[in-house]
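All of the numbers you see were taken from the coordinates with simple rules; none came from a lab. In this text the structure is predicted, and so the values were computed from the model without any measurement. Reconstructed Cβ throughout: ideal geometry from the backbone, glycine too, with neighbour counts over all protein chains shown.
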Amino acid sequence: MKKIIDAIACEVTAAFEACGYDGKYGKVTLSNRPDLCEFQCNGAMSAAKQYSCAPFMIADKVAGRLSGNPMFAEVNSVKPGFLNIILAPAYVAQYVNDMAGDAGRFGCEAAAEPLTIIVDYGGPNVAKPLHVGHLRSAIIGESVKRICKFMGHEVIGDVHLGDWGLQMGLIIVELKERRPELVYFDDSYEGAYPTEAPFTIAELEDIYPTASAKSKEDEGFKAAALLATGELQQGRRGYQALLGHILNVSVTDLKRNYRSLNVDFELWKGESDAQQYVPDMVQKMKEDGFAYLSDGALVVDVKEETDAKEIPPCIILKSDGASLYSTTDLATIVMRMEENRPDRIIYLADARQSMHFTQVFRCARKTGLVPESTELVHIGFGTMNGKDGKPFKTREGGVMRLEYLLDEINREMLKKITENRKEKENLEISDEEAGETANMVALAAVKYGDLSNQASKDYIFDVERFTSFEGNTGPYILYTIVRIRSILNRYVAEKGGLPARSGILPAHTAGEKSLMLVISRFNAMMENAFEELAPHRICAYIYELANEFNGFYHGTKILAEPDEEVQRSYISLLMLTEDILLTCIDVLGFSAPERM
Ligand code: ARG
């Protein structure tokens, strides 16, 4: 469906042309004076110069031309030369009815030529527990992925595990100290290795931090870990088998954690999967004359003349021949081009990694790993801070584990819901339902609290504010949905069924009309969220939609409306509002309970 603003611009443009002016002046925007009008066109102001006459004379003529057009209730020319536009209620009703008839898409067209898009997000490190630093990548990435999918693209989410590096060597060496008898450490062993892992996730999560602490104090331990890492990377059998176990145990636990976040990946590839592409890639970069030795390291220059700040060369191999974070990311691009041929790769990682991505993207482009047409995008997000404005920590000052953080919010939410239940004497809600609802609302609180901010900005993780049922929060949005559901349920109980979806009548009141007008902006908003890869646009929209709905709800007796036709129209409007809210929260990555 055409965006409503474009449909209006179309009429206004035609009117400019019919009055003898260039159509380009017919641009329409949302009104910045909602007290005066709904849309406006300032084209006469700019046209005045070209036609050397007073802007209001042009505006007058165009307004005259538009009078009688059934799309408009009023088009007023206002001095010095603005066109103030108010739509006809019947036109708005027609527009939202068409949306309601377009089930699931509500007038938002899917891409005619779908792109293949890889979203690289999550980025957890194997054997290390998920911490809040990974939370943003998962939450924003999941929503970005869903936005792209909603717009009809072919989207592949890849968790891109951090499974390549010193942490593996550390685990191996620590495990060897604890259990030297394990067959994995026996060089002469040639048989098959056990299929059962020699540790549980709990042990693994103890092994890694112990080893990491040791390596900081004990040079010998660190050297052994480095050696083990090297041997693993060179393919030592026993260590490879251990890597398999570490991955399995870790991934099982990660999947459980991500499931509780409603985050889900199409691909569970890791840094280790890209390593096989390194030798050929490096060879080619050398042959093509891009890579050269500098202080023993192999590097590719990526600076450009227009750079305002210094962009150091991208290091491909360290002087000892080892690969680095950048090497892995480059080789991963090679792998992805071979396996998926993406038109776009979107990376979700902390904004502090932006230099890394600048170097990797430039290097990939310069050395021809990606064609001109493949876009590489880094969405760099800000830090999640505590109320003290410093990076979020536990009370003891450590890194907060994601599980504990979520548990805390779930508990907080359950408390609120239980209070609410008592207050409303909603005692038919079982403890079990209350628990499930609490988890659902808690997830909405956390995700909305994050996604409603522009990703690049730091934000303060404020449990109290995020879990509030009022204000710009996830629970407020869910509360609105639940309110609509309860009205719809009562209607069905009384009348035995729901009315037709597209039975919305022209608005009777200003509140009803502004609700319809917000609804009508859905397709434009979604397209914009995709163009900017910005979930916060969706949050802003549903907050406005929820506010408009609640305004309408408070000003209108819906269930007590005596005129049945009018009442049916209200109910259809509620159904559409609910559908759009549900679609939006699904794209944001959370869902709504039946009641709260
Ligand atoms: N594992 C990394 C970290 O914990 C994030 C990975 C981001 N993705 C990438 N392709 N580099 O910081």
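Above 18 Å, the calculated P(r) of the range 198-336 contains 69 percent of its Cα-Cα pairs. Considering helices alone, the calculated mean residue ellipticity of the chain at 222 nm is -17500 deg cm²/dmol, with DSSP H runs of length four and up weighted by -39500 (n - 2.57) and normalised per residue.
Annotation: cysteines of the chain without a disulfide-compatible partner (Cβ-Cβ under 4.7 angstrom) are CYS10, CYS19, CYS37, CYS41, CYS53, CYS108, CYS148, CYS539, CYS584. Straightening the chain between TYR189 and SER354 buys 54.9 nm, computed as 0.36 nm per residue apart minus the Cα-Cα spacing.
Taking the Cα centre of the range 122-243 as origin and assigning +1 to Lys and Arg Cβ atoms and -1 to Asp and Glu Cβ atoms, the resulting dipole is close to 560 debye. A Cβ-based charge dipole, computed about the Cα centre of the range 263-398 with Lys and Arg at +1 and Asp and Glu at -1, lands at about 460 debye. When the convex hull of its Cα atoms is viewed from all sides, the range 1-151 shows a mean projected area of 13.7 nm².
Among the GluC sites (Glu not before Pro) in the range 187-280, those located in a DSSP loop and surrounded by at most 14 other Cβ atoms within 10 Å of their own Cβ are GLU190, GLU196, GLU266.
Distance check, please: which entries in LYS128/LYS415; LYS495/LYS557; LYS128/LYS393; LYS390/LYS457 exceed 20 angstrom between their Cα atoms? Listed pairs above 20 Å: LYS128/LYS415.
Sparsely packed loop sites in the range 516-585 (the GluC sites (Glu not before Pro) outside DSSP H, G, I, E and B with at most 14 other Cβ atoms within 10 Å) do not occur. Mind checking the full-extension length gain between LYS318 and ASP288? Use 0.36 nm per residue of separation minus the Cα-Cα distance, one decimal, nm. Net length gain for the segment: 8.9 nm. For the chain, find the longest principal axis of its Cα atoms and tell me its angle to the long axis of helix 474-495, 0 to 90°, nearest 10. Result, in degrees: 50. Within the same chain, lysines fewer than 8 places from LYS27 are excluded, and of the rest, those with a Cα less than 25 Å from its Cα are LYS2, LYS3, LYS49, LYS61, LYS79, LYS513. The range 43-94 and the range 101-118 have Cα centres lying 33 Å from one another. Taking the chain as the reference, fit the longest principal axis to its C-alpha atoms, fit the long axis of helix 55-66 to the helix C-alpha atoms, and give the angle between the two in degrees, 0 to 90, nearest 10. Between the helix axis and the principal axis of the chain, the angle is about 80 degrees. The GluC sites (Glu not before Pro) found in the range 323-407 that occupy coil by DSSP, while having at most 16 further C-beta atoms within 10 Å, are GLU372, GLU396. For GLU266 and ALA223, the difference between the fully extended length at 0.36 nm per residue and the C-alpha to C-alpha distance is 11.8 nm.
What is the Cα centroid distance between the range 1-35 and the range 490-528, reported in whole angstrom? One Cα centre to the other: 25 Å.
Building the convex hull from the alpha-carbon atoms of the chain and averaging its projection over directions returns 34.9 nm².
When only Cα pairs below 8 angstrom with a gap of at least 6 residues are kept, the range 10-137 shows a relative contact order of 16 percent. Enclosing the Cα atoms of the range 445-581 in their convex hull gives a volume equal to 108 cubic angstrom per residue.
Compute the acute angle (0 to 90°) between the alpha-carbon long axis of helix 237-260 and the principal axis of greatest extent of the alpha-carbon atoms of the chain; round to the nearest 10°. Taking Cα atoms only, the helix is inclined about 20 degrees. In the chain, once you exclude exposed trypsin sites (Lys or Arg not before Pro) (DSSP loop, at most 12 other Cβ within 10 angstrom), what's the longest stretch remaining? Of all site-free stretches, the longest is 1-308. Taking every DSSP beta bridge that has both ends in the chain, the antiparallel portion is near 50%.
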